[in-house]
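*Asks:* My structure is below; once you've seen it, I'll send some questions.
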Amino acid sequence: MTLAGARTWDALVIGAGPAGARAAQQLSAAGASTLLLEKQSLPRYKACGGGVPARTLLLLDDLDIAPVSEGHVDTIDVSRFGQPQFRKKSERPLAWMVMRDRFDQFLTDLAAESGASVRDATTVQSIVEEDAFYEVETSTGAVRARHVLAADGATGPTARWLGIDSAPTRSAAYEVEVAAPRAALDHWHRAANVDVGYRPWGYGWVFPKEGKLSVGVVTAPRRGRTIRQQTDRYLSRLGLTDADVLHVQGHPIRYRRSIREPVARGRALLLGDAAGLADEFTAEGIAYAVHSANLAADAVLISDDPSAIYADAVNQHIQPELDAARTISRLYYWCITTWPRLALKTSKHVNYLWQAFFRVMRGESTYAEEMSILPFSRPITRTLSGYA
């Protein structure tokens with residue numbers, strides 16, 4: 001590794017997704033010299049439903065994402081194996097629809113405007129900690145940095161190189177982007193489909209975009225071998241078998257289930273999916289990615305040894321939500337697989353549960369706050385502790 005004359009950066013951020021781009025923007029805006037690396041050429045396609053929960057915009061300081069938005073969703077359409085059950089509507093938008101290539105580029109451009117240097121088509125090949133610096137070999141040359149923020153996703157190698165045993169893979173997702181006929185686009189206007197009944201747990205989804213639909217399935221990793229067939233059946237039930245396929249991609253999802261699963265070591269921090277910061281009820285990760293980026297930037301800016309500060313912040317501000325989401329997930333999927341008709345009937349008629357979920361998605365409440373008024377949930381969850 002040749003570092004003679006190499007610039008020393010205050011922070012090296014690996015991965016230009018929402019977590020990495022946001023962290024780079026926050027750090028550079030505060031005056032820290034920041035280098036943001038992305039292994040692919042930007043903009044790049046990213047497998048993702050593309051639903052940005054409304055609460056995410058609060059974490060982005062009420063950022064106006066209209067330039068890259070493809071509409072919003074305020075209605076949830078529930079089906080079981082493709083058979084419609086009921087619809088529930090929120091008073092205000094629940095999520096904004098985006099294509100991740102445009103959304104991630106939008107956030108990356110904000111980082112660059114704040115002073116961050118951005119290098120795409122650059123692969124990190126190794127990371128070595130030397131005294132007060134990290135020496136990083138990349139496909140475009142060697143880099144030295146005081147801090148490393150790993151935002152390279154659930155399959156990124158940075159955590160392993162840094163010696164951080166991050167959260168294991170606990171679900172698999174498969175997504176198809178299709179050019180949908182006008183009738184389908186009109187049907188799903190401002191509405192997302194949630195298709196339930198998958199065993200041992202999981203769901204199918206439809207998110208509307210401009211001229212197309214994002215359709216996918218998320219389920220247990222041991223079902224990963226059949227997830228493409230499940231998605232094909234789901235497309236058939238939706239009447240989209242003959243729709244033109246624009247993109248197809250699968251990916252794993254990690255879930256952090258304990259404060260014992262590390263998110264930092266020394267001056268290296270894991271953000272977003274790299275740390276397993278995803279919601280086990282919805283499998284959503286963008287809001288947690290942005291939240292972790294804010295916490296990581298704050299920790300780096302106030303300490304030369306930010307790992308304890310960052311880990312404490314994640315454990316205090318994010319992990320309680322992940323724990324509550326896991327509780328809700330276990331209760332819901334146990335009910336929907338054990339008593340499907342009763343669970344759907346109850347879900348349809350107990351409107352409070354939907355309003356609680358809507359409040360969480362809009363950023364007006366949290367899972368933990370909503371769970372606090374349901375004291376029976378904890379003993380039931382302990383009973384179901386082996387169900388996953």
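The values are calculated or read from the model by the stated rules, or taken from the named source; none is laboratory data. In this text, all values refer to a predicted model and were calculated from it rather than measured experimentally. When we count neighbours, we look across all protein chains shown, and the Cβ atoms used for this are built from the backbone with ideal geometry, even at glycine.
*Asks:* Looking for something in a loop (DSSP other than H, G, I, E, B), over 17 Å from Gly71 (Cβ atoms) and under 22 Å from the mean Cα position of the chain (by Cα) - is there at least one such residue anywhere in the stretch 221-237?
*Replies:* Quick first cut of the stretch 221-237, residues in a loop (DSSP other than H, G, I, E, B) only: none.
Checking the stretch 221-237: not a single residue is in a loop (DSSP other than H, G, I, E, B), over 17 Å from Gly71 (Cβ atoms) and under 22 Å from the mean Cα position of the chain (by Cα).
*Asks:* Now for a separate question. Take the residues of the stretch 324-338 that are farther than 18 Å from Val194 by Cα and polar (S, T, N, Q): which is surrounded by the most Cβ atoms within 10 Å (Cβ to Cβ)?
*Replies:* So, considering only residues that are farther than 18 Å from Val194 by Cα and polar (S, T, N, Q), the one surrounded by the most Cβ atoms within 10 Å (Cβ to Cβ) is Thr327.
*Asks:* Condition first: crowded, with 16+ Cβ neighbours inside 10 Å, assigned to a helix (DSSP H, G or I) and over 26 Å from the mean Cα position of the chain (by Cα). Can you find one or more residues in the stretch 358-368 that meet it?
*Replies:* No, the conditions are met nowhere in the stretch 358-368.
*Asks:* On the given criteria, is Arg100 among the basic types (Lys, Arg) and surrounded by fewer than 16 Cβ atoms within 10 Å (Cβ to Cβ)? Even if it seems obvious, please write down each step before you answer.
*Replies:* Numbers: among the basic types (Lys, Arg): yes; surrounded by fewer than 16 Cβ atoms within 10 Å (Cβ to Cβ): no.
Spelling it out, it is not the case that Arg100 is among the basic types (Lys, Arg) and surrounded by fewer than 16 Cβ atoms within 10 Å (Cβ to Cβ).
*Asks:* Are there any pairs, at least 6 apart or on different chains, whose C-beta atoms fall under 8 Å, with the first in the stretch 255-279 and at positive phi and at pLDDT below 95 and the second surrounded by 24 or more Cβ atoms within 10 Å (Cβ to Cβ) and polar (S, T, N, Q), and if so, which?
*Replies:* From residues that are at positive phi and at pLDDT below 95, there are no pairs.
*Asks:* Name the residues in the stretch 324-350 that are in contact (Cβ under 8 Å) with a residue 60 or more places away in the chain and not hydroxyl-bearing (Ser, Thr, Tyr), would you? Write out each step before concluding.
*Replies:* As a first pass, look at the stretch 324-350 and keep what is in contact (Cβ under 8 Å) with a residue 60 or more places away in the chain: 326, 329, 333, 336-337, 340, 344, 347-348.
Correct list: Arg326, Ile336, Pro340, Leu344, Lys348.
*Asks:* Quick one: which strands (runs of 3 or more DSSP E) lie wholly within the stretch 18-110 and hold at least 1 residues that are at negative phi and out of contact with any Gly (no Cβ under 8 Å at 6 or more places or on another chain)?
*Replies:* Details: elements: 34-37, 51-53, 69-73, 75-80, 83-89, 95-98.
Because the criterion is at least 1 residues that are at negative phi and out of contact with any Gly (no Cβ under 8 Å at 6 or more places or on another chain), the strands (runs of 3 or more DSSP E) in the stretch 18-110 that meet it are 34-37, 51-53, 69-73, 75-80, 83-89.
*Asks:* Turning to a different aspect of this structure: Look at the stretch 270-301 and say how many of its residues are under 21 Å from Val206 (Cα atoms) and part of a helix (DSSP H, G or I). Quick ask: steps written out before the conclusion?
*Replies:* At the first step, the residues of the stretch 270-301 found to be under 21 Å from Val206 (Cα atoms) are 278-287.
If we keep only those that are part of a helix (DSSP H, G or I) too, we end up with 286-287.
The total comes to 2.
*Asks:* Take the residues in the stretch 246-269 that are among the hydrophobic types (A, V, I, L, M, F, W, C) and part of a loop (DSSP other than H, G, I, E, B); name whichever of them is surrounded by the most Cβ atoms within 10 Å (Cβ to Cβ).
*Replies:* Our first condition is that a residue be among the hydrophobic types (A, V, I, L, M, F, W, C); within the stretch 246-269, this holds for 246, 248, 253, 259, 263-264, 268-269.
Among the residues that remain, those that are also part of a loop (DSSP other than H, G, I, E, B) are: 259, 263.
Working: Ile259: 14, Val263: 30.
Here the residue is Val263.
*Asks:* Would you check which residues across the stretch 132-190 are farther than 30 Å from Tyr234 by Cβ and among the small types (Gly, Ala, Ser) and list them? Spell out how you get there, then give the answer.
*Replies:* Going residue by residue through the stretch 132-190, those that are farther than 30 Å from Tyr234 by Cβ are 132-151, 157-166.
Ala132, Ser139, Gly141, Ala142, Ala145, Ala150, Ala151, Ala159, Gly163, Ser166 - these are the residues of the stretch 132-190 that are farther than 30 Å from Tyr234 by Cβ and among the small types (Gly, Ala, Ser).
*Asks:* Oh, and also: Being part of a loop (DSSP other than H, G, I, E, B), of a type outside the set (Val, Ile, Thr) and surrounded by fewer than 17 Cβ atoms within 10 Å (Cβ to Cβ) is the filter here, so list the residues in the stretch 111-138 that pass it. Write out each step before concluding.
*Replies:* So the first thing to find is which residues in the stretch 111-138 are part of a loop (DSSP other than H, G, I, E, B), and the list is 114-116, 120-123, 131-132.
If we keep only those that are of a type outside the set (Val, Ile, Thr) as well, we get 114-116, 120-121, 131-132.
Ser114, Gly115, Ala121, Asp131, Ala132 - these are the residues of the stretch 111-138 that are part of a loop (DSSP other than H, G, I, E, B), of a type outside the set (Val, Ile, Thr) and surrounded by fewer than 17 Cβ atoms within 10 Å (Cβ to Cβ).
*Asks:* Here's another thing I want to ask about it. How many residues does the stretch 159-209 contain that are touching a helix residue (DSSP H, G or I) at 6+ places or on another chain (Cβ under 9 Å), surrounded by fewer than 21 Cβ atoms within 10 Å (Cβ to Cβ) and acidic (Asp, Glu)?
*Replies:* The number of residues fulfilling the criteria is 1.
*Asks:* Tell me, yes or no, whether the stretch 42-55 has at least one residue that is under 17 Å from the mean Cα position of the chain (by Cα), surrounded by 19 or more Cβ atoms within 10 Å (Cβ to Cβ), among the charged types (D, E, K, R) and within 13 Å of Arg102 (Cα to Cα).
*Replies:* yes
*Asks:* Give the number of residues within the stretch 339-351 that are closer than 18 Å to Asp195 by Cβ and loosely packed, with under 12 Cβ neighbours inside 10 Å.
*Replies:* 1
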